[in-house]
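A.B. asks: Structure in structure tokens, see below.
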Amino acid sequence: MVLILIVAVLLYLYLRGRKGSNDSEERATIDVDQGTAQAGIAALKERDPEFDPAAFVERSRTVVAKVNDAWLGGHMGPTRRLISDGVFTRFNTQLQLLKADGLRNAMSDWRVVSADILAAEADEMWDSIHVRIVGAARDLNVSIGIPDAEVQKKLRGAKLAEYHEVWSFIRRRGKHSKAGVPALSGQCPNCGADLPLSESVKCEYCQAVINSGEHDWVLAEITQPEEWSVRGQEAEVEGLAELRQRDPSVSRQELEDRASVIFWKWVEARGTGKLEKLARFLVNPPSSLEDPAAREGLLLTAAKLKQVTVGSSDVLGVRVNAAEGRDQVLVEIRWSAGIDGREPEGMVH
């Protein structure tokens with residue numbers, strides 16, 4: 001276990017100009033490099049001969065559908081065992097922000113248009129598979145109290161639009177494919193025991209953490225196409241190899257997932273003005289946010305954010321024993337948002 005003490009945060013407010021979003025708006029796409037994909041899959045099959053790319057794609061479609069159903073239901077609990085802590089926190093915070101504004105998301109004619117493996121990668125600890133998801137839906141945010149019949153009427157008038165995302169799944173290196181998808185069918189991926197009908201992610205029999213990626217694939221990140229790339233071995237990140245020599249349990253994926261959790265807690269604190277959920281991630285948390293200096297120091301003084309979307313989360317570098325005996329990890333979060341209901345314009349730091 002690694003204790004991540006965040007002493008510096010690099011946040012890029014990545015506001016892409018969506019001035020007057022309309023029907024002609026172009027959405028970013030990403031092409032599948034079949035050579036890259038096949039080479040990565042072949043290497044994975046050498047380590048896991050039972051891995052079936054076609055079955056994994058169908059599994060990905062099922063996960064996407066379950067996540068979408070949970071999102072529209074306003075509660076991510078049913079997918080808790082299939083997604084990492086960072087992804088779970090992301091969706092939950094977005095739902096809470098919508099609810100605070102008296103809104104909920106509604107869709108009709110939703111479907112997965114296609115799913116393709118973009119790449120399979122590995123480092124010393126984890127296997128990763130990146131799947132391009134193309135979805136389509138009529139999509140609107142509506143008032144919570146609006147009758148369903150009126151919601152459906154509004155959706156019929158909305159544009160049926162496609163969206164492209166990269167869904168990244170991780171699993172501990174050395175694990176082998178299992179028949180079916182145990183977590184989807186209510187079974188522990190480690191011991192096979194039936195899991196209780198709850199949001200618990202720990203098996204009560206073997207104590208395995210279901211959504212850790214230690215025993216089976218788990219969704220660890222959703223990246224926008226314009227931000228995604230095959231990033232190569234984690235040794236390319238300066239300082240990470242040195243940190244792992246001192247703490248072999250450290251992984252780039254875990255660091256990025258933890259940073260995503262912190263980011264969404266920061267978004268929540270900015271929206272609610274409450275510090276409690278963010279404070280446990282701070283090295284020297286202020287006693288409250290009543291002090292303007294405390295709000296300014298945590299970048300919590302600006303206007304409330306709307307429609308927050310994360311493009312990517314990437315470790316940029318590691319400094320071992322950098323200050324006061326603490327290790328520092330610098331993570332870049334690329335994200336977009338509107339401010340006080342306005343559509344994003346320009347770039348803000």
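The values are calculated or read from the model by the stated rules, or taken from the named source; none is laboratory data. Please read all numbers here as calculations on a predicted model, not as lab measurements. Using ideal geometry, Cβ is built from the backbone for each residue, glycine included, and neighbour counts are taken over all protein chains shown. Ligands, DNA and RNA are stripped out before the accessible areas are found, and what is left, the full protein with its side chains, is counted by its heavy atoms. Shrake-Rupley method; radii C 1.70, N 1.55, O 1.52, S 1.80 Å.
A.B. asks: For the stretch 73-87, give me each residue that is open to solvent by 30 Å² or more (accessible area, probe 1.4 Å) and either within 29 Å of Leu255 (Cα to Cα) or in contact (Cβ under 8 Å) with a residue 60 or more places away in the chain (or both). Break it down into steps so the answer makes sense when it comes.
C.D. replies: Just the residues of the stretch 73-87 that are open to solvent by 30 Å² or more (accessible area, probe 1.4 Å), to begin with: 73-75, 78, 80-81, 85.
Gly74, His75, Pro78, Arg80, Arg81, Asp85 - these are the residues of the stretch 73-87 that are open to solvent by 30 Å² or more (accessible area, probe 1.4 Å) and either within 29 Å of Leu255 (Cα to Cα) or in contact (Cβ under 8 Å) with a residue 60 or more places away in the chain (or both).
A.B. asks: Lys274: closer than 25 Å to Leu98 by Cα, at pLDDT below 85 and under 22 Å from the mean Cα position of the chain (by Cα), yes or no?
C.D. replies: Numbers: closer than 25 Å to Leu98 by Cα: yes; at pLDDT below 85: yes; under 22 Å from the mean Cα position of the chain (by Cα): no.
Judged against the criteria, Lys274 is not a match.
A.B. asks: Hey, another quick one. State all residues of the stretch 199-218 that are surrounded by 23 or more Cβ atoms within 10 Å (Cβ to Cβ) and either outside any helix (DSSP H, G or I) or on the phi > 0 side of the Ramachandran plot (or both); if no residue qualifies, say none.
C.D. replies: So in the stretch 199-218, the residues surrounded by 23 or more Cβ atoms within 10 Å (Cβ to Cβ) come out as 210-211, 213, 216-218.
Within the stretch 199-218, Gly213, Asp216, Trp217, Val218 qualify.
A.B. asks: Among the residues of the stretch 152-201, how many are hydroxyl-bearing (Ser, Thr, Tyr), modelled with pLDDT of 85 or more and over 29 Å from Asp48 (Cα atoms)?
C.D. replies: Total meeting the criteria: 1.
A.B. asks: Which of the following residues is closer than 17 Å to Asn211 by Cβ, at pLDDT 95 or above and touching a strand residue (DSSP E or B) at 6+ places or on another chain (Cβ under 9 Å): Val112, Val87, Val67? Lay out the reasoning, then the answer.
C.D. replies: Values: Val112 fails: closer than 17 Å to Asn211 by Cβ; Val87 fails: at pLDDT 95 or above.
None of the others qualify; the one that does is Val67.
A.B. asks: I've got another one for you. Could you tell me how many of the residues in the stretch 174-192 are surrounded by 17 or more Cβ atoms within 10 Å (Cβ to Cβ) and touching a helix residue (DSSP H, G or I) at 6+ places or on another chain (Cβ under 7 Å)?
C.D. replies: Residues in the stretch 174-192 being surrounded by 17 or more Cβ atoms within 10 Å (Cβ to Cβ) and touching a helix residue (DSSP H, G or I) at 6+ places or on another chain (Cβ under 7 Å): 4 in total.
A.B. asks: Within the stretch 283-317, how many residues turn out to be open to solvent by 40 Å² or more (accessible area, probe 1.4 Å) and either hydroxyl-bearing (Ser, Thr, Tyr) or part of a helix (DSSP H, G or I) (or both)?
C.D. replies: Residues in the stretch 283-317 being open to solvent by 40 Å² or more (accessible area, probe 1.4 Å) and either hydroxyl-bearing (Ser, Thr, Tyr) or part of a helix (DSSP H, G or I) (or both): 9 in total.
A.B. asks: Does the stretch 124-137 contain any residue that is among the hydroxyl-bearing types (Ser, Thr, Tyr) and within 30 Å of Leu240 (Cβ to Cβ)? Let's see the steps before the verdict.
C.D. replies: Going residue by residue through the stretch 124-137, those that are among the hydroxyl-bearing types (Ser, Thr, Tyr) are 128.
Checking which are within 30 Å of Leu240 (Cβ to Cβ) leaves us with 128.
Among the residues of the stretch 124-137, at least one is among the hydroxyl-bearing types (Ser, Thr, Tyr) and within 30 Å of Leu240 (Cβ to Cβ), which makes the answer yes.
A.B. asks: Condition first: without any contact (Cβ under 8 Å) to a residue 12 or more places away in the chain and over 28 Å from Ala161 (Cβ atoms). Now tell me which residues in the stretch 28-48 satisfy that.
C.D. replies: If the condition is that a residue be without any contact (Cβ under 8 Å) to a residue 12 or more places away in the chain and over 28 Å from Ala161 (Cβ atoms), then Gly35, Gln38, Ala39, Ala42, Lys45, Glu46 are the ones that fit.
A.B. asks: Still on this model: Report whether or not Val250 is open to solvent by less than 50 Å² (accessible area, probe 1.4 Å), farther than 30 Å from Arg295 by Cβ, touching a residue at least 24 places away in the same chain (Cβ under 8 Å) and assigned to a loop (DSSP other than H, G, I, E, B).
C.D. replies: Working: open to solvent by less than 50 Å² (accessible area, probe 1.4 Å): yes; farther than 30 Å from Arg295 by Cβ: yes; touching a residue at least 24 places away in the same chain (Cβ under 8 Å): yes; assigned to a loop (DSSP other than H, G, I, E, B): yes.
Here the answer is yes, as Val250 does meet what is asked.
A.B. asks: Could you please tell me which pairs satisfy a Cβ distance under 8 Å, a separation of 6+ or placement on different chains, a first residue in the stretch 189-212 that is in contact (Cβ under 8 Å) with a residue 24 or more places away in the chain, and a second residue that is aliphatic (A, V, I, L, M) and open to solvent by 50 Å² or more (accessible area, probe 1.4 Å)?
C.D. replies: What qualifies is Val201/Val209.
A.B. asks: Turning to a different aspect of this structure: Count, please, the residues in the stretch 112-167 that happen to be among the acidic types (Asp, Glu), open to solvent by 20 Å² or more (accessible area, probe 1.4 Å) and in a loop (DSSP other than H, G, I, E, B).
C.D. replies: Result for the stretch 112-167: 1.
A.B. asks: Now for a separate question. Among the residues in the stretch 267-279, are any touching a Pro at 6+ places or on another chain (Cβ under 8 Å), assigned to a strand (DSSP E or B) and surrounded by 17 or more Cβ atoms within 10 Å (Cβ to Cβ)?
C.D. replies: No, there is no match, as no residue in the stretch 267-279 is touching a Pro at 6+ places or on another chain (Cβ under 8 Å), assigned to a strand (DSSP E or B) and surrounded by 17 or more Cβ atoms within 10 Å (Cβ to Cβ).
A.B. asks: Can you name every residue in the stretch 93-110 that is in contact with a helix residue (DSSP H, G or I) (Cβ under 8 Å, 6 or more places away or on another chain), free of Cβ contacts under 8 Å to residues at least 60 places away in the same chain, open to solvent by 40 Å² or more (accessible area, probe 1.4 Å) and part of a helix (DSSP H, G or I)?
C.D. replies: Within the stretch 93-110, no residue meets the criteria.
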